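One structure is given here, and the rest of the page talks about it.
Bear in mind these aren't lab numbers, they're just calculated from the coordinates by the rules spelled out. Small disclaimer: the values here were computed from a predicted structure and weren't measured. As a convention, Cβ positions derive from the backbone with ideal geometry for all residues, glycine included, and neighbour counts pool all protein chains shown.
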Number of protein chains: 2
Amino acid sequence: MTRARGREGSPASPRGVDVARAAGVSQKTVSRVLNGERYVSVDVRRRVLEAADRLGYRLNNAARALASGRSRTIGVVALGTALYGPASLLLGVERAARNAGYALSVVNTLEGDQGGVAGAVQSLLERGVDGIVVSEPIDEDAGPLTSEVPVLVLGAPAGTRTGERTIAAGVDSEALARAATDHLLDLGHPTVHHLAGPERWFAARDRLAGWRQALAARGREQPSVTEGDWSAASGYAAGRRLAAGNDLTAVFAANDDMAVGLISALTEAGLRVPQDVSVVGFDDIPLAAYVRPPLTTVRQPFDAVACEGLRLLVHAIENPEAELPTAQEQPVELVVRSSTAPPPARADSGPLRHTVQPLTGEAHAPPAA
Amino acid sequence: MTRARGREGSPASPRGVDVARAAGVSQKTVSRVLNGERYVSVDVRRRVLEAADRLGYRLNNAARALASGRSRTIGVVALGTALYGPASLLLGVERAARNAGYALSVVNTLEGDQGGVAGAVQSLLERGVDGIVVSEPIDEDAGPLTSEVPVLVLGAPAGTRTGERTIAAGVDSEALARAATDHLLDLGHPTVHHLAGPERWFAARDRLAGWRQALAARGREQPSVTEGDWSAASGYAAGRRLAAGNDLTAVFAANDDMAVGLISALTEAGLRVPQDVSVVGFDDIPLAAYVRPPLTTVRQPFDAVACEGLRLLVHAIENPEAELPTAQEQPVELVVRSSTAPPPARADSGPLRHTVQPLTGEAHAPPAA
DNA sequence: CGCAGTCATGACAGCGCAGTCACCCGACGA
DNA sequence: TCGTCGGGTGACTGCGCTGTCATGACTGCG
């Protein structure tokens, strides 16, 4: 193989030795400077940097990875979805990785894909990644997530996972779901319906469990669960079904998109939100404050989860022998807007009787922009 | 450097030579088989694949990239945003890249970042990417996008860009904006206000231009433009300002999020949508059909744009000497839902007088799930 | 003054693959 | 019969970097 990259005529890009020659040092010293190693005199360092700059030198990462056995790249297995939650997590991961000096290699696994997560992990390992992030895992991922590099699972119940080099980070979704349900019960609703996410998702199961716990804690009836697919369309479909029942006063939806679809269907069916039916969402998407009525929801600290998780992953990468740390759970927040209110007065319901709450929250604050 | 990756005890992962020995061939032949080269007998091919499988062999991409000068990786420069449009584009790019056998390396440039796009491109080149995708470029990116690898610019006006190895792909945003504006004019609105995106974005400028063209074509007055930042919050703020005016009957918002915020503010100000004011959005986000009222908007074929663009990029990568192809523009669609209607009857407006349109579109179709 | 310890640098090897070229073999035409 | 040609294979080399080790120069201390 001759050294003739670039198109004919244009000189090949300079290598470490070229810089070394230009600076009057050895190639190894160039390497030292570029890696910020100790024991390089300030003078030499200056000359090397100057020469590198002058020649337009760019480090060759393939060579570096081959020689060092580390690629300074983190692989991400994401679901192929533009949903706000996963997208935000990905964003946070990228930022945290870049700050830590790692590049990101992303593979999406459309649900029901060929190899699924295992295949994606394989291809990342082939790519030589130093660590792997699995975002919002679903069921089949749980299996043999064997990997010679550390794995960070985002959005799984913290501390649950198998796999010897696995770290989990996420929020306590169960507690959040309990908080959302309790909010509705506190308002006086006799019980709360649940519009769940797909059962294969850990996130969906956690929220379901939290909802059950909250109802069980007060000895309330647990209405049958409707399952959606996170989309507003599925929320709309569920809303049509729920509106047909006659005991509906409160619904906890497993994410905001479904909540919006749900409200759309309820409104169409002549039910007013929140006067007739209260709805709580989950995620606090940016639109939540601006739909009508502004959505009461649970805010997830996606960015904090991603940062914290990645910090741990990088630690595990750079200290292979150390104990695997455990993620601390991130604080969360119930954002009360206007889609929840006490139930309508009825013979069998509580004594509370309110008019509709005025709008509150961001919808009224002057936007930052 | 001794060959002792993996943790002590565990054997190092097998290399090409190990497979070669196991199959009784040379390392070069293993390489041939794995690269699908010609001139390998079926018997040898079978033996090699079998041995590779048995040993759990995994190709080392760093070595491959170093030896071949190609990394089979495409770098993506994205904006650090969870907005639906950019996120969808990224999704499409990933899928197309994977189908073409390329991995993806993603770098986000938060707006107003240190090096901005140029810095991101540098770090990707360092990474040895074979091609670069710049998604939804903003102003400063336009400059010296010099790169020794081909560059695909997504969301820029097709065919506009400088840079000798640059390909552009996208939709004809101006035409779309014209269509949206014409829709409102056709309904009888005397003129249409525009809620624009940040001026630094090409996408925002195109939409603004299309809006101007549509008004100019009919000799209509061009109301002053309000600029938002794509967020619902900024749309809400704009809505408060617009509601204070008294000639408002129609608004074209540069994206759906802003449209939702806008509607929220108008509603709060006592203006009904669409009876008093019509609103058109842009993007057709999944929620558009489920907000109240369902949003009339312009659907962007993000996936098609990403696929087509990536196809061209891969072509340019694999045929370095060939002419740079031009992207064909993708078909688009105006989705009429319920946020638009003829203007309210007034002395100075047209003869049309409708009641609110019934809901139409997806909001009524049974969801697929 | 001599020796250990630290700082600063270079020589050299080798990471695991793909490129190049040489080679062998059988088929086929002269 | 021999030369030629293309299929099929292997030996060797080098991609550009980092790890290891060797080597000086200089410092401080007994």
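Put simply, the convex hull of the Cα atoms in segment B:10-65 casts, on average, a shadow of 3.9 nm².
Globularity index of segment B:35-133 is 1.43 (Cα radius of gyration / 2.2 N^0.38 Å, N = number of residues). By other beta-carbon atoms within 10 Å, ranking A:S123, A:S26 with the fewest at the front produces A:S26, A:S123. 3J(HN,Hα) couplings calculated from phi for segment B:92-107 with the Karplus curve 6.51 cos²θ - 1.76 cosθ + 1.60 (θ = phi - 60°) are, in sequence order, x, 4, 4, 4, 5, 5, 4, 4, 8, x, 10, 8, 10, 10, 10, 10 Hz; Gly and Pro show x.
Restricting to Cα pairs below 8 Å that are 6+ residues apart, what does the relative contact order work out to for segment B:222-334? Please round to a whole percent. Taking the mean separation of contacting Cα pairs over the length of segment B:222-334, I get 20 percent.
Amide H contacts of B:A168: B:V153, B:G159, B:A327, each under 5 Å away and 5 or more positions distant or on a separate chain (H built 1.01 Å from N in the peptide plane; Pro and chain starts excluded).
Counting Cβ atoms of other protein chains within 10 Å of each residue's Cβ and taking the mean over peptide B:260-273 gives 3. Eigenvalues of the alpha-carbon gyration tensor of segment B:45-99, scaled by 5 and square-rooted, set the equivalent ellipsoid semi-axes at 34, 15, 9 angstrom, largest first. Sorted from nearest, the other copies put their A:A269 label points 3.5 nm away, the label point being 7 Å from Cα in the direction of Cβ. Peptide A:290-298 shows a mean partner chain C-beta count of 4 within 10 Å per residue C-beta. Label-point spacing at A:A67 relative to the other copies reads 1.9 nm, in ascending order, each point sitting 7 Å out from Cα along Cα→Cβ.
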